[in-house]
Amino acid sequence: MLKIVVCVSGGGTNLQAIIDRISDGTIKNTRIVGVISNNKNAYALERAKQNEIPNRCISPKEYATRDEFNEALLQGVKDYRPDLVVLAGFLVNIPAAMIQEYRGRIINIHPSLIPSFCGVGYYGLKVHEAALKKGVKVTGATVHYVDEGIDTGAIIFQKAVNVEPGDTPEILQKRVMEQAEWIILPQAIHKIAMEKE
Ligand code: GAR
């Protein structure tokens, strides 16, 4: 059984996709042992509660320094004893100590085809704004391992999504989620669960 912790910051639609794919058997041999949010108002926490998944908020606002927050975050993850940490819309720079502790065991979903529109400053809607501004006709999503860089780790899966005339960042974001993110993130978790067997 692959035990995963899912880290979230916002709406948690990727968390929901993981929950749904575990419950319909698409993701096998996997259990979500905890959900951690850096934002106490994240709807993702509500989704965890509704599904009776242990959850907690670890907010930088509750700590005097970034180092203290980073320590609390690492401890919070360790407390759940996961095999894999899944960043599902977790908009926090992962502390170096966490990468060392969980090297090769942290994955992230990013809403573009890396290496386009990734790195510092590219997160959430900003990614889709940049893609539209550039005028690309194809975008997509990437699941990758997390290393010390931002969006630089080894790629696990990518899926392309067409940009359509008249797209707004919001419309494009929704299409990328529906046609790519909610598919390849569960697929990556399933793949890792099968490799652990
Ligand atoms: C998703 O689009 C995810 O790819 C993105 O944040 C959104 C979270 O949505 N992540 C990043 O931009 C990471 N750099 P969700 O809370 O509904 O899953």
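A short reminder: the numbers here are calculations on the coordinates, not readings from a lab. In this text, all values refer to a predicted model and were calculated from it rather than measured experimentally. Note that each Cβ is placed from the backbone with ideal geometry, even for glycine, and that neighbours are counted across all protein chains shown.
Segment GLU71..ASP147, full-extension length gain: 25.6 nm, with 0.36 nm per residue of separation and the alpha-carbon distance subtracted.
Within the chain, what percent of beta bridges assigned by DSSP are antiparallel, to the nearest 5?
Values: 11 of 28 bridges.
Taking every DSSP beta bridge with both residues in the chain, the antiparallel ones total about 40 percent.
Here the Karplus curve 6.51 cos²θ - 1.76 cosθ + 1.60, taken at θ = phi - 60°, turns the phi angles of the range 135-152 into couplings of x, 5, 9, 9, 10, x, 9, 9, 10, 9, 6, 9, 10, 5, x, 9, 6, 10 Hz, with x standing for Gly and Pro.
Calculated FRET efficiency, ARG81 to MET194, Cβ-Cβ distance, R0 = 25 Å: about 0.75 to the nearest 0.05. Projecting the Cα atoms of GLN16, LEU2, ILE53 onto the charge dipole of the range 1-60 (Cβ charges, centred on the Cα centre) puts LEU2 farthest toward the positive pole.
Peptides 72-80, 56-64: what's the order by average Cβ count within 10 Å, highest mean first?
Working: 72-80: 16.7, 56-64: 13.7.
Peptide ranking by packing, descending: 72-80, 56-64.
Rounded to the nearest Å, what's the spacing between the alpha carbon centres of the range 97-138 and the range 145-159? Just the number, please. Cα centroid to Cα centroid, the span is 9 Å.
Note down the magnitude of the dipole of the range 41-195 about its Cα centre, charges +1 on Lys and Arg C-beta and -1 on Asp and Glu C-beta and zero elsewhere, to the nearest 20 debye. Walk me through the numbers on the way to the answer.
Details: 17 positive and 19 negative charges, 61 e Å.
Value, rounded to 20: 300 debye.
Which Cα, out of GLY135, GLY121, TYR102, lies furthest along the positive dipole direction of the range 39-136 (beta carbon charges, K/R +1, D/E -1)? Selected residue: GLY135. Per-residue 3J(HN,Hα) values for the range 48-62, derived from phi via the Karplus relation 6.51 cos²θ - 1.76 cosθ + 1.60 with θ = phi - 60°, read 4, 4, 4, 9, 6, 9, x, 8, 7, 9, 10, 9, x, 5, 8 Hz in sequence order (x marks Gly and Pro).
The C-alpha atoms of the chain define a longest principal axis, and helix 13-23 lies at about 70 degrees to it. Convex hull volume of the Cα atoms of the chain, normalised per residue: 112 Å³.
When you count, for each residue, the other Cβ atoms within 10 Å and take the mean per peptide, how do 23-36, 90-103, 5-18 rank with the highest first?
Descending mean neighbour count gives 5-18, 23-36, 90-103.
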